[in-house]
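The values are calculated or read from the model by the stated rules, or taken from the named source; none is laboratory data. As the structure is a prediction and not an experimental result, all values here were calculated from the model. We place every Cβ from the backbone using ideal geometry, glycine too, and count neighbours over all the protein chains shown.
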């Protein structure tokens, strides 16, 4: 069935050209030059989607949201806006827009957004019911609307229903654990446990106990029985974060458990059958680790039936303001503030900053800015970021001692003195950071 589109745009030349192009793509297209005329059109006919300019002669395009919600239930709306108004478009998405696209509009990009906005309406009631029980809460995270995000979550949706083990590659702070949870919640195991283990924080001597459990008295300090992660995750998903940090000995034990689907708690003579799906994540190159002899190749192939590569935040620039506003909402709740958004300079700084610490860094920066902000809008000063082009933001410039010390102190402040996270933001490893703290006498 032919899909119908209503274009709400007061630039007649642009609207006509867009209608001509969409008509050639098989859509039935109508035009309205104001919000009032758009309401009139939608009273007379039901549309599958509305494309509306943000700035219209009588009202903002966002004024259509409550009317559509009341009178045209389920009709998605995509906001078209100039680049300078992207912050307003992001706010529009928070209040009901399905998506936004900046002008000048790239037709193929717009077509893709239209298809994605209409697609959910084509899903059967049974599928909608099923997804309602497995999808993540909107309060938990957002996926983003960039091409990189669409590709990533297309693969997530593809692999989630399968029993395949998944390896998630990506830099620190890119959201690997969220993706693992998303896979679990879209899988057939969604009503079973999701257990996450940070392999980087487990001491070598306790790793077997964490994975497989132990019985009381099996070693010094084992004052009670302990259930291991494999048994805890029975029927569900076991997420092993930073698996590259496991010692070679523990890798051997893990491989055996995955091959035999059995575990034996330390000190026990009984083996326990386990049924778990394994999802692993790493910020290291495991192929290089295999070549160096510090990661087992057979374990790598066991955990790597399907690979997902996490894009960095700078590779998904279109998502930066979406996440910034999302983190702002979280920070407002946590800090009991009521900051409404970002001013123009802050918006440009957010979009142009390289974000070496990815989403984790963005979240920390927004939280700090929310606390510091004195006005309703966060300013560039509140963000405390060094703009691109200053010659300070790149890690290559850390040899300038005064700047290096300032950046280290700033990173520690942003991360509430969490040295691991501060090292990620600075683009150095934790050992290097400790050496520099000693060098500059930073406590």
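Could you check, for the stretch 240-250, whether at least one of its residues is over 22 Å from residue 225 (Cα atoms) and over 32 Å from the mean Cα position of the chain (by Cα)? The answer is yes, given that some residue of the stretch 240-250 is over 22 Å from residue 225 (Cα atoms) and over 32 Å from the mean Cα position of the chain (by Cα). Scanning the stretch 273-305 for residues that are assigned to a strand (DSSP E or B) and surrounded by fewer than 18 Cβ atoms within 10 Å (Cβ to Cβ) returns a single hit, 273.
Here 232, 242 are screened, and the one residue that is at positive phi and in contact with a strand residue (DSSP E or B) (Cβ under 8 Å, 6 or more places away or on another chain) is 242. Going by what's in this entry, would residue 425 be described as modelled with pLDDT of 80 or more and surrounded by 15 or more Cβ atoms within 10 Å (Cβ to Cβ)? Spelling it out, it is not the case that residue 425 is modelled with pLDDT of 80 or more and surrounded by 15 or more Cβ atoms within 10 Å (Cβ to Cβ). Considering only residues that are part of a helix (DSSP H, G or I) and either surrounded by 20 or more Cβ atoms within 10 Å (Cβ to Cβ) or touching a strand residue (DSSP E or B) at 6+ places or on another chain (Cβ under 6 Å) (or both), which ones fall in the stretch 332-348? Passing the criteria: 346, 347.
Within the stretch 149-177, the set of residues being surrounded by fewer than 21 Cβ atoms within 10 Å (Cβ to Cβ), under 11 Å from the mean Cα position of the chain (by Cα) and within 24 Å of residue 287 (Cα to Cα) comprises just one member, 177. In summary, residue 145 fulfils each of the numbered conditions (1) assigned to a helix (DSSP H, G or I); (2) modelled with pLDDT under 80; (3) buried (at least 18 other Cβ atoms within 10 Å of the Cβ) with the single exception of condition (1). The number of residues in the stretch 11-52 being out of contact with any strand residue (DSSP E or B) (no Cβ under 8 Å at 6 or more places or on another chain) and part of a loop (DSSP other than H, G, I, E, B) comes to 2.
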